[in-house]
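Asker: This is the structure I want to talk about, given as structure tokens.
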Amino acid sequence: MGEELSRRKFIKGSVLFGAAAATTAAMATTVGATLTSCAPRGANDNSGGTNGNDRVATMQFASGDLSYVVHEADIIVVGGGMSGLNATRVANDNGASVILVDKGPVGHSGNSGVLWGQSFVSAENNKDDGVSIANFFAIDCMGIMNQEQARNVGRAHVESRPRIVIEQSGNLFQRDDDNKVVGNDVEGMAATHNALYKQSAQMLTKRGIPIYSNMMMLDILLDDKGNSAGIVAISLADGSAHVFRGKKTILCTGGYHWATGKTGGSPESTGEGHYALLKRGYAFKDMEFPQYDFCGIHPFGYRPDKEQDQIELAVTFPVNGEIHKRMLNKDGVSYTLGFFDDPSKQDLSAFQGALIATAKEFYQNKATSGDGSNNGIYFNLKGLQDEPNSQSYPSYKGLMRFSTKNLNYNYPDNLECLVNEYSSAGVPAQNPQTCEHEIPGLYPIFVALSAGSSTWNWGQSYLAAKDASAKVAEEASLPAFSPDDVQSALLHAYDYLQRDVKDGEGIRSTEVHRRIQRAFYKGQDFMKSEDGMKTMLAELERIQKEDLPKMVCKDKSLNFNRDWKMAMEIDSMLYCSLATVHAAMARKESRSPFFRSDYPKMDNTNFLCYLWVSVNKNGVWNVEKGDVVDTVLPRSEIMRLLDDSDPKYDISVPNKSV
Amino acid sequence: MANTYKITITHYDSSVDLEPYTKTYEIPDDPDFAPMTALKALHWINRYHEPVAYDYNCRRGTCGRCAIMIDDEPRLACMFTLTGNHSFAPLSGFPVIRDLVVNKQEAYAKFVVSNHTIKTLAPDGVLKQIESEFWREKLYPLNACRECMCCYAGCQALNIFNKWGRFAGPGAMQEIYLRHIDGQDRSNRLEQAVFSGVFECVQCGNCTQYCPSLISCSENIKEMMDEAERAGMKPQGKASNYWPLL
Ligand SMILES: Cc1cc2nc3c(=O)[nH]c(=O)nc-3n(C[C@H](O)[C@H](O)[C@H](O)COP(=O)(O)OP(=O)(O)OC[C@H]3O[C@@H](n4cnc5c(N)ncnc54)[C@H](O)[C@@H]3O)c2cc1C
Ligand code: SF4
Ligand code: SF4
Ligand code: FES
């Protein structure tokens with residue numbers, strides 16, 4: 001037996017991990033030294049321990065005040081959710097060397113890690129060169145969709161065949177009562193359920209691709225001509241500093257919805273990808289559009305009105321398929337059916353229709369108020385276990401079974417659920433064919449509007465990786481980054497650890513984090529108004545001016561320091577929140593999923609357009625209108641199909657009773 | 001305010017501490033937060049007492065990141081309702097990085113080498129039919145394993161009989177089992193199970209007991225053992241001789 005057993009056997013966790021031995025006091029000077037003694041890999045590391053790809057050069061030490069390790073590859077993928085894993089796989093398939101970097105443990109992080117059996121909408125059976133997909137998105141996103149991009153997503157699906165790839169890589173999609181996979185197949189869009197992403201993570205690990213888990217990107221890096229050169233990052237596991245240098249960078253950092261404070265999504269989603277572009281003055285569209293879902297607030301659901309550090313939720317009910325009929329208002333009345341009563345007008349998905357119907361209930365003060373925030377509804381769970389095993393029902397049944405068993409909890413007939421943001425929208429201008437940004441060599445893969453789904457992620461990440469890997473084959477040398485940029489990003493990050501708490505003066509980063517969230521969910525509630533948004537803006541500006549200079553970390557460790565992580569997330573949360581509120585104040589209408597009590601009507605004449613929000617060097621925010629890219633479904637046709645004089649879209653008009 | 005809970009946490013920071021130590025915290029049983037889960041308790045302690053390192057993502061039992069030892073049993077913190085005073089410690093059998101955060105790499109590597117994701121299905125591009133009930137009752141839970149490592153922390157073959165070097169462990173065995181029964185994979189997964197040490201399992205049943213995904217882990221392993229034995233694949237001699245090593 002010997003050492004091995006006593007090491008393993010020790011139940012109470014006295015096992016030592018021989019990694020970083022740097023103490024906080026010596027931090028600034030020993031960071032470099034720390035690195036030589038430990039492999040620069042994240043702790044819950046899912047990399048399988050090999051560096052595999054021998055075209056990747058790692059472990060060069062650069063000069064400078066703070067030491068950091070430089071890792072090189074053709075392509076750097078930042079973010080290991082569905083998008084990042086797909087981009088990594090495609091780049092690797094195409095022969096490019098690629099490194100994957102993620103803030104959490106790959107396979108378990110981001111929104112993809114939250115999901116358990118998500119509905120995957122695939123367009124691989126599409127037969128009309130992406131036209132029907134573009135049409136679908138154009139209408140389902142209430143007109144505000146870059147149709148050229150949507151069409152290319154459809155083409156990407158046909159080319160890459162996501163469902164086949166997902167199942168072949170070990171996943172097992174849901175089989176319905178008729179033993180078949182496909183839930184529905186409307187115009188070449190097939191919704192398939194139970195797609196998981198852990199298999200993709202295993203598969204990439206198996207391929208030997210270098211994966212750096214628990215590695216947080218601080219900023220992107222550019223060369224002197226303004227081309228993308230890679231990223232600078234900090235290991236959350238041991239505090240070490242790293243540069244990932246590549247010819248192309250694919251930014252798959254997900255959303256910024258953790259800032260919303262009322263989310264069923266991931267705490268990793270704090271928007272560093274968005275921030276890197278926002279702070280350089282690039283404009284984003286769709287920032288004002290939330291991405292909603294409904295989460296059970298009991299038995300252990302979240303309470304945004306309480307001084308709780310984080311939020312908890314029970315089961316999520318993505319309103320796909322016909323589950324919307326189980327949504328009830330505070331009086332126990334089912335209210336969505338009236339919305340869908342006219343077959344000739346059922347051009348909206350169940351999801352969008354259910355949201356508009358819900359907004360109408362809220363407008364009439366028919367929301368439940370169990371948590372004090374007056375923005376809940378009930379889900380009628382009676383007989384849910386007897387529903388057919390199609391659509392998402394098996395997932396709901398499964399989740400309920402798991403929480404019943406694990407928590408000894410029995411669900412009530414009517415479960416109170418809160419509207420919450422499962423994801424966030426917001427995209428910069430990018431090439432519709434390749435997803436490349438104005439910064440050459442940079443590919444941001446974020447979500448546009450209500451396309452906040454795997455459909456979009458898969459298509460976009462495929463297009464980006466395909467383009468990037470074709471280009472790197474032609475390029476001989478790696479771009480040079482500026483060591484000064486690296487130094488300033490690192491100094492900014494390490495400074496948080498060194499700041500002193502003066503009695504009664506410092507504000508802990510966890511608290512600043514929460515203040516941003518609180519401002520956000522109050523100002524950007526399901527039902528918005530000018531007053532609420534003004535309050536939100538004022539509070540965000542106050543936090544920026546007064547709280548940020550006083551922000552401190554109570555925890556000073558370099559190892560898994562939550563305070564430090566939160567401090568490093570603050571700038572991006574703040575910028576994303578500010579961009580959101582500026583765009584939201586400018587949209588003076590209600591266009592699902594964006595609802596205002598002071599402007600309950602949809603207004604195509606003035607607002608069937610993008611709102612581009614940006615900030616200049618002096619911190620002044622600007623919002624500009626932009627024309628919708630309507631290359632497939634012309635604007636006039638959108639105005640006809642989404643007729644803003646139809647009371648259906650006016651949330652001040654009550655739902656029809658059935 | 002009614003009662004309080006006393007939570008004892010094992011702390012250890014490899015960058016400053018020589019030895020782990022425990023500390024006990026009191027948290028209120030506030031009806032506004034009821035029922036208090038272990039994860040909520042951690043948020044509370046981190047916020048109102050002092051910093052604790054712990055990991056989580058989903059808050060609803062799906063990401064598999066919050067597994068810790070609660071009263072010496074592996075549990076998902078977000079899926080555990082407090083009932084009184086409890087002790088929280090890092091997942092047993094894994095090297096500790098800090099406090100409740102452990103390095104899961106060795107166990108994860110076993111999932112990866114199970115070749116679960118290399119399905120030797122003929123690439124004919126068709127998603128095959130699977131009998132609905134079979135999918136629901138057998139395959140769905142297996143598919144939904146979240147790599148939480150609770151079964152590894154509780155496994156006697158690994159931790160009492162020290163078979164880390166010879167046994168893929170309960171979780172990776174479920175992946176082999178899934179490929180074995182899914183009716184699509186064309187490799188000999190039973191043979192793989194034998195070479196991955198299926199006969200090292202001592203059938204203690206802990207994996208089934210602790211699996212939050214309700215996977216019948218030990219039963220599935222037993223099924224493969226029996227099948228392999230019937231096929232004459234059970235190794236003779238050493239591999240089946242267990243000697244408690246302590
Ligand atoms: C409860 C819930 C239900 C959902 N249901 C569905 C559904 O049924 N169907 C559907 O299609 N979609 C659904 N979604 C949407 C889902 O989020 C997306 O489809 C998809 O998972 C997003 O993938 P992603 O890779 O773009 O982002 P994510 O999965 O969020 O990945 C982003 C990654 O970037 C990493 N990252 C972030 N910041 C940094 C940084 N600074 N440095 C390094 N790495 C960083 C994160 O750790 C994370 O791994 C749901 C989401 C939630 C939360
Ligand atoms: S039944 Fe076998 S595999 Fe499961 S925990 Fe016990 S020894 Fe380990
Ligand atoms: S089999 Fe169960 S206990 Fe083991 S890792 Fe998977 S989900 Fe966790
Ligand atoms: S937080 Fe995801 S399983 Fe507990």
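The values are calculated or read from the model by the stated rules, or taken from the named source; none is laboratory data. In this text the structure is predicted, and so the values were computed from the model without any measurement. Using ideal geometry, Cβ is built from the backbone for each residue, glycine included, and neighbour counts are taken over all protein chains shown. Note: areas computed on protein heavy atoms with side chains; ligands, DNA, RNA excluded. Shrake-Rupley method; radii C 1.70, N 1.55, O 1.52, S 1.80 Å.
Asker: Show A:MET536, A:MET82 ordered by accessible area, largest first, where the area counts protein heavy atoms only and the probe is 1.4 Å. Present the calculation step by step, with values, prior to reporting the outcome.
Answerer: On the way: A:MET536 5, A:MET82 25 Å².
Greatest to least solvent exposure: A:MET82, A:MET536.
Asker: Enter the mean number of other protein chain beta carbons within 10 Å of the beta carbon of each residue in A:161-169, as an integer.
Answerer: Working: counts 1, 0, 2, 6, 0, 1, 6, 10, 4.
Averaged over the peptide's residues, the number is 3.
Asker: Turning to a different aspect of this structure: Could you work out, for segment B:4-102, what percent of all Cα-Cα pairs fall into each 5 Å distance bin, beginning at 0 Å and stopping at the bin that holds the largest distance?
Answerer: P(r) for segment B:4-102, in whole percents per bin: 3, 14, 26, 27, 19, 8, 3, 1.
Asker: I've got another one for you. Heavy-atom accessible area of B:CYS211 with all protein chains present, probe 1.4 Å, nearest 10 Å²?
Answerer: For B:CYS211, solvent-accessible area is about 10 Å².
Asker: Report, please, the projected area of segment A:104-238 averaged over directions, based on the convex hull of its C-alpha atoms, in nm². Walk me through the intermediate numbers first.
Answerer: Values: hull surface 46.0 nm².
Dividing the Cα hull surface by four gives the mean projection, 11.5 nm².
Asker: Hey, another quick one. Can you pull the one-decimal nm distance between simple spin-label points at A:ASP331 and B:ASN3, each 7 Å off the Cα toward Cβ?
Answerer: In this crude spin-label approximation the distance works out to 4.2 nm.
Asker: Let me ask something else. How large is log10 of I(q)/I(0) for segment A:463-573 at q = 0.11, 0.23 Å⁻¹ when the intensity is taken from the Debye formula with one equal scatterer per alpha-carbon?
Answerer: For segment A:463-573 at q = 0.11, 0.23 Å⁻¹, log10 I(q)/I(0) is -0.56, -1.18.
Asker: Amide H to amide H under 5 Å from A:ARG508: which residues, 5+ apart in sequence or cross-chain, H placed 1.01 Å off N in plane?
Answerer: For A:ARG508, whose amide H was placed from the backbone, the distant partners under 5 Å are A:VAL552.
Asker: Using modelled backbone amide H atoms (1.01 Å from N, in-plane), which distant-in-sequence or interchain residues come within less than 5 Å of A:GLN291's amide H?
Answerer: A:TYR422, A:SER423, A:ALA425
Asker: Ok, one more. Could you pull out every Cys in chain B that lacks a partner Cys with its beta carbon under 4.7 Å away?
Answerer: Singleton cysteines: B:CYS66, B:CYS78, B:CYS145, B:CYS148, B:CYS150, B:CYS155, B:CYS201, B:CYS204, B:CYS211.
Asker: Is there a pair in A:LYS262/B:LYS40; A:LYS360/A:LYS534; A:LYS206/B:LYS128; A:LYS528/A:LYS601; A:LYS198/A:LYS248 whose C-alpha atoms are over 18 Å apart, and which pairs would that be?
Answerer: Values: A:LYS262/B:LYS40 16 Å; A:LYS360/A:LYS534 23 Å; A:LYS206/B:LYS128 25 Å; A:LYS528/A:LYS601 13 Å; A:LYS198/A:LYS248 25 Å.
From the list (A:LYS262/B:LYS40; A:LYS360/A:LYS534; A:LYS206/B:LYS128; A:LYS528/A:LYS601; A:LYS198/A:LYS248), the Cα-Cα distance tops 18 Å for A:LYS360/A:LYS534; A:LYS206/B:LYS128; A:LYS198/A:LYS248.
Asker: I've got another one for you. Which order do A:TRP258, A:TRP612 take when ranked by solvent-accessible area (1.4 Å probe, heavy atoms of all protein chains), largest first?
Answerer: Numbers: A:TRP258 5, A:TRP612 60 Å².
These residues rank, largest area first, as A:TRP612, A:TRP258.
Asker: Further, regarding this structure: Rounded to whole Hz and in sequence order, give me ³J(HN,Hα) for segment A:457-469 from the Karplus expression 6.51 cos²θ - 1.76 cosθ + 1.60, θ = phi - 60°, writing x for Gly and Pro.
Answerer: Computed from phi, the couplings for segment A:457-469 are 3, 5, x, 5, 5, 5, 4, 5, 5, 5, 5, 4, 6 Hz.
Asker: Comparing the chain by itself with all protein chains present, which residues of segment A:541-576 are at least 10 Å² less accessible (probe 1.4 Å)?
Answerer: Listed in order, they are A:LYS554, A:ASP555, A:SER557, A:ASN559, A:PHE560, A:ARG562.
Asker: Considering only the protein assembly as shown, what is the antiparallel percent among its DSSP beta bridges, to the nearest 5? Don't skip to the answer; put the middle values down first.
Answerer: Details: 69 of 95 bridges.
In the protein assembly as shown, approximately 75 percent of DSSP beta bridges are antiparallel ones.
Asker: Radius of gyration and Dmax for segment B:105-230's Cα atoms, expressed in Å?
Answerer: 14.1, 45
Asker: Below 8 Å, C-alpha to C-alpha, sequence gap of six or more: please give me the relative contact order for chain B in percent.
Answerer: Details: 400 pairs, mean separation 39.8, N = 246.
Reported as a whole number, the value is 16 percent.
Asker: Further question: Out of every Cα-Cα pair in the protein assembly as shown, what percent are more than 56 Å apart?
Answerer: Values: 23007 of 408156 pairs.
Tail fraction, whole percent: 6.
Asker: Could you tell me which GluC sites (Glu not before Pro) in segment A:433-481 are loop residues by DSSP with no more than 15 other beta carbons within 10 angstrom of their beta carbon? Don't skip to the answer; put the middle values down first.
Answerer: Numbers: sites: A:GLU436, A:GLU438, A:GLU474, A:GLU475; in loops: A:GLU436, A:GLU438, A:GLU474, A:GLU475.
Hits after loop and neighbour filter: A:GLU438, A:GLU474, A:GLU475.
Asker: Here is a follow-up. Check which residues have an amide H placed less than 5 Å from A:PHE120's amide H, if you skip close sequence neighbours.
Answerer: A:THR192, A:HIS193, A:ASN194, A:ALA195
Asker: Once phi is turned into θ = phi - 60°, what whole-Hz ³J(HN,Hα) does the Karplus curve with 6.51, -1.76 and 1.60 give for every residue of segment A:323-338, x standing for Gly and Pro?
Answerer: Using θ = phi - 60°, the values come out as 4, 4, 5, 8, 7, 10, 7, 5, 8, x, 9, 6, 10, 7, 4, x Hz.
Asker: At a probe radius of 1.4 Å, figure out the A/B buried accessible area, summed over both chains, and give it in Å² to the nearest 100.
Answerer: Numbers: alone 25650 and 13500 Å², together 30080 Å².
Protein heavy atoms only, the A-B interface buries about 9100 Å².
Asker: Report the percentage of all Cα-Cα pairs in chain B whose separation exceeds 32 Å, rounded to a whole percent. It would help to have the intermediate numbers written out before the result.
Answerer: On the way: 9060 of 30135 pairs.
Tail fraction, whole percent: 30.
Asker: Further question on the same structure: Please report the accessible area of B:THR208 (heavy atoms, 1.4 Å probe, ligands and nucleic acids excluded) in Å², nearest 10.
Answerer: 40
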